[in-house]
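**Q** Got a structure for you, written out below as structure tokens; questions coming shortly.
The values are calculated or read from the model by the stated rules, or taken from the named source; none is laboratory data. Since the structure is predicted, the reported quantities are computational estimates derived from the model, not experimental observations. In this analysis, Cβ positions are derived from the backbone assuming ideal geometry, glycine residues included, and neighbour counts consider all displayed protein chains. When the accessible area is computed, the model is the full protein with side chains, heavy atoms only, and any ligands, DNA or RNA have been set aside. Shrake-Rupley method; radii C 1.70, N 1.55, O 1.52, S 1.80 Å.
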Amino acid sequence: MAYFESLPYGIADFTTQVEPDDDRLWVPQAENVWFRPLHLNRTSGQWVNLLKVRKSGVLSRHRHPAPVHGYVIRGSWRYLEHDWVATPGSYVFEPPGDVHTLVCDEGVEEMITLFHISGALIYLDENLETVGYDDVHKKIEMCMEHFEKVGLGASYVEQFIR
Ligand code: FE
């Protein structure tokens, strides 16, 4: 048997509609902030989601213990600590340890960005003290609660879990 035929993975994942028709797939994360799960990996601690923001101002200051990749689909945003602005089509790489504060500027009605996150977001206050965190397990919990509440059922999340 050829090497590739012996791999145990089965068919590759494929999502036709990354931006869903059904708004119930957007899980609330904060006021006017939602995420849409695509891949929640309990084994590697990584997850892939869309982040949607419909407000301007500071969203969060945080750092990651592991790399993050982002691809902007709509709207624009930036980090206070850096001098670039991410716009549709931008690729963003966040190296481990980088502290950044996500800001959406006035006039941006909506931003949607696909993020691939490894490990965690560690939320920080102005003094860079840890005030909270997000990891894939919290994301799964949030999805279960939300999907139950909107009538999809808590188990709806299982299709995204790897
Ligand atoms: Fe980040």
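**Q** Any idea how many residues of region 6-29 are at pLDDT below 95 and either open to solvent by 70 Å² or more (accessible area, probe 1.4 Å) or over 23 Å from residue 88 (Cβ atoms) (or both)?
**A** Final tally of qualifying residues: 12.
**Q** Restricting to region 100-143, name every residue that is more than 16 Å from residue 70 (Cβ to Cβ), among the polar types (S, T, N, Q) and assigned to a strand (DSSP E or B).
**A** Listed by number, the list holds a single entry, 130.
**Q** Just one of (1) within 14 Å of residue 134 (Cα to Cα); (2) touching a residue at least 40 places away in the same chain (Cβ under 8 Å); (3) under 11 Å from the mean Cα position of the chain (by Cα) trips up residue 28, so point out which.
**A** (3)
**Q** Please go through region 129-139 and pick out each residue that is farther than 12 Å from residue 29 by Cα and either open to solvent by 10 Å² or more (accessible area, probe 1.4 Å) or at pLDDT below 95 (or both).
**A** Those that are farther than 12 Å from residue 29 by Cα and either open to solvent by 10 Å² or more (accessible area, probe 1.4 Å) or at pLDDT below 95 (or both): 129, 130, 131, 132, 133, 135, 137.
**Q** Pairs, please: C-beta under 6 Å, at least 6 apart or cross-chain, first residue of a type in the set (D, E, K, R) and in region 115-138, second in a strand (DSSP E or B)?
**A** Short answer, once both residue conditions are applied: 125/131; 134/121.
**Q** Does residue 104 satisfy the condition of being buried (at least 17 other Cβ atoms within 10 Å of the Cβ) and touching a Pro at 6+ places or on another chain (Cβ under 7 Å)?
**A** Against the criterion (buried (at least 17 other Cβ atoms within 10 Å of the Cβ) and touching a Pro at 6+ places or on another chain (Cβ under 7 Å)), residue 104 does not qualify.
**Q** Quick check on this structure: which one of 97, 70 is within 12 Å of the ligand (Cβ to nearest atom), in contact with a Ser or Thr (Cβ under 6 Å, 6 or more places away or on another chain) and either outside any loop (DSSP other than H, G, I, E, B) or without any contact (Cβ under 8 Å) to a residue 40 or more places away in the chain (or both)?
**A** Step by step, each of 97, 70 is checked, and only 70 is within 12 Å of the ligand (Cβ to nearest atom), in contact with a Ser or Thr (Cβ under 6 Å, 6 or more places away or on another chain) and either outside any loop (DSSP other than H, G, I, E, B) or without any contact (Cβ under 8 Å) to a residue 40 or more places away in the chain (or both).
**Q** Considering only residues that are surrounded by 15 or more Cβ atoms within 10 Å (Cβ to Cβ) and over 14 Å from the mean Cα position of the chain (by Cα), look in region 88-98 and name the one that is nearest to residue 157 (Cα to Cα).
**A** 90
**Q** For the subset of region 73-87 comprising residues that are over 16 Å from the mean Cα position of the chain (by Cα) and part of a loop (DSSP other than H, G, I, E, B), which member is nearest to residue 52 (Cα to Cα)?
**A** Across region 73-87, the extreme among qualifying residues is 87.
**Q** Output the residues belonging to region 31-52 that are under 15 Å from the mean Cα position of the chain (by Cα) and more than 23 Å from residue 152 (Cβ to Cβ).
**A** Across region 31-52, the qualifying residues are 45, 46.
**Q** Are any of the residues in region 55-62 within 16 Å of the ligand (Cβ to nearest atom) and closer than 17 Å to residue 15 by Cβ?
**A** no
**Q** What is the number of the single condition among (1) on the phi > 0 side of the Ramachandran plot; (2) free of Cβ contacts under 8 Å to residues at least 60 places away in the same chain that residue 45 does not meet?
**A** (2)
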